[in-house]
Amino acid sequence: MGKKIAVLQGDGIGPEIVPQAIRVLRAANEKFGLDLEFKDALFGGCAYDATGNPLPLETLELCKSADAVLMGAVGGPKWDKVQPATLRPEAGGILPIRKHLGLFANLRPARLYPALIGASTLRPELLAGGLDILVVRELTGGIYFGVKERTDGGNRAVDTCAYTVEEIDRIARVGFNAARRRSKRLCSVDKANVMETSRLWREVVTRIGPEYPDVVLSHMLADNCAMQLVRNPRQFDVIVTDNLFGDMLSDEASMLTGSLGMLPSASLGSGALGLYEPIHGSAPDIAGKGVANPLAAILSAAMLLRYSLQREDAANAIEIAVEQTLAAGWRTADIASQGEKTIGTAEMGGRVVEAFLSGR
């Protein structure tokens, strides 16, 4: 029986980068006999324009019936003033689809490829030996999903941050298990010095720690973590943190690798279904120009194979192809050093496919 992949190209550069990820998945389908089936659906601003809803019911039903979801970026200035705000692509699309699909764990790997050390904003000596950080972000709780209101005639705004023991427990275990598969170091990030939710967070993570005696657990305040990521990033292996801090820290970590255009993500729940997307935005300023970096979308497709389809072999082959493509000197504009020749979105996708098919 075939594996159904729901494809949500989204807005901005989404319709340019997602097809390149599909090209690579089709090559994997051919090489590894994956029996993949792709189904497109509207999502985000384009869905709002067509239906008045950024997450139409038919799109949600397709995603629920799929084995995995591959998504591009959504949103842009065109929809920033949509009212009510709950119908904007981010608030009415991204947040609800995560909630409806039960996707509570967001995995955001930040890996610096050797060929891109020059593209990082950090000094080369801080990156000697490479960089490979995994941020595990809680995805369906916290301040993004809390009560939001305006009071005092609109002069006072309130966003409520709330977490339960169950929500913290399940994301902490994702972090511990991820650390077990890597270098067995887990840093839990919070603001326990000032926030009650963070104090609960630290209590729960600390309680779980002894169940993973092979993992070294540490705690760090979020502001210090932000500083340490640019001061000494190699001290980190796996970071587990809440929704708000995870959003910010993973974006910061991404810049250590040279570009947001290099970072994939996986949003997972308790089952095999996952949603896979690059962490960058829709980049409306370059949409339609054919210059966007498709590598984050391609690497998201590799994560799809690894986590939802349990095809580590195919996932590894894609990641090796990306590394070989970069090592060969191919660059899109966002990761090119001064004087390096750049190629466009479609050609970069083609180069990865070529490297993938020629690999063993």
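The values are calculated or read from the model by the stated rules, or taken from the named source; none is laboratory data. Source: prediction; values computed, not measured. Positions of Cβ are generated from backbone atoms using ideal geometry, with glycine treated the same way; all protein chains shown enter the neighbour counts. Note: accessible area is taken over every heavy atom of the protein model, side chains too, but ligands, DNA and RNA are not part of it. Shrake-Rupley method; radii C 1.70, N 1.55, O 1.52, S 1.80 Å.
The table below lists the values:
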{"read-out": "Scan of region 325-352 for residues that are more than 22 Å from the chain's Cα centre (by Cα), part of a helix (DSSP H, G or I) and at pLDDT 95 or above, ordered by number", "value": "GLU347, GLY350, ARG351"}
{"read-out": "Extreme residue, surrounded by the fewest Cβ atoms within 10 Å (Cβ to Cβ), among residues of region 14-38 that are in contact with a Lys or Arg (Cβ under 9 Å, 6 or more places away or on another chain) and closer than 16 Å to GLU277 by Cα", "value": "PHE38"}
{"read-out": "Residues being of a type in the set (Val, Ile, Thr) and either free of Cβ contacts under 8 Å to residues at least 24 places away in the same chain or open to solvent by 10 Å² or more (accessible area, probe 1.4 Å) (or both) - total across region 121-139", "value": "1"}
{"read-out": "When residues of region 161-214 are limited to those that are assigned to a helix (DSSP H, G or I), among the polar types (S, T, N, Q) and open to solvent by 30 Å² or more (accessible area, probe 1.4 Å), the one farthest from ILE239 (Cα to Cα)", "value": "THR206"}
{"read-out": "First in region 281-307 and within 14 Å of ILE13 (Cα to Cα), second anywhere and at pLDDT below 95 and open to solvent by 50 Å² or more (accessible area, probe 1.4 Å), Cβ under 6 Å, 6 or more apart", "value": "VAL291/ALA333; ASN293/ASP334"}
{"read-out": "1 or more residues under 16 Å from the mean Cα position of the chain (by Cα): qualifying strands (runs of 3 or more DSSP E) within region 1-119", "value": "3-8, 68-71, 105-112"}
{"read-out": "Members of region 291-307 found to be more than 14 Å from the chain's Cα centre (by Cα) and open to solvent by 30 Å² or more (accessible area, probe 1.4 Å), listed by number", "value": "VAL291, ARG306"}
{"read-out": "Hits in region 96-119 (condition: farther than 19 Å from GLU319 by Cα and surrounded by fewer than 19 Cβ atoms within 10 Å (Cβ to Cβ))", "value": "PRO96, LYS99, HIS100, GLY102, GLY118"}
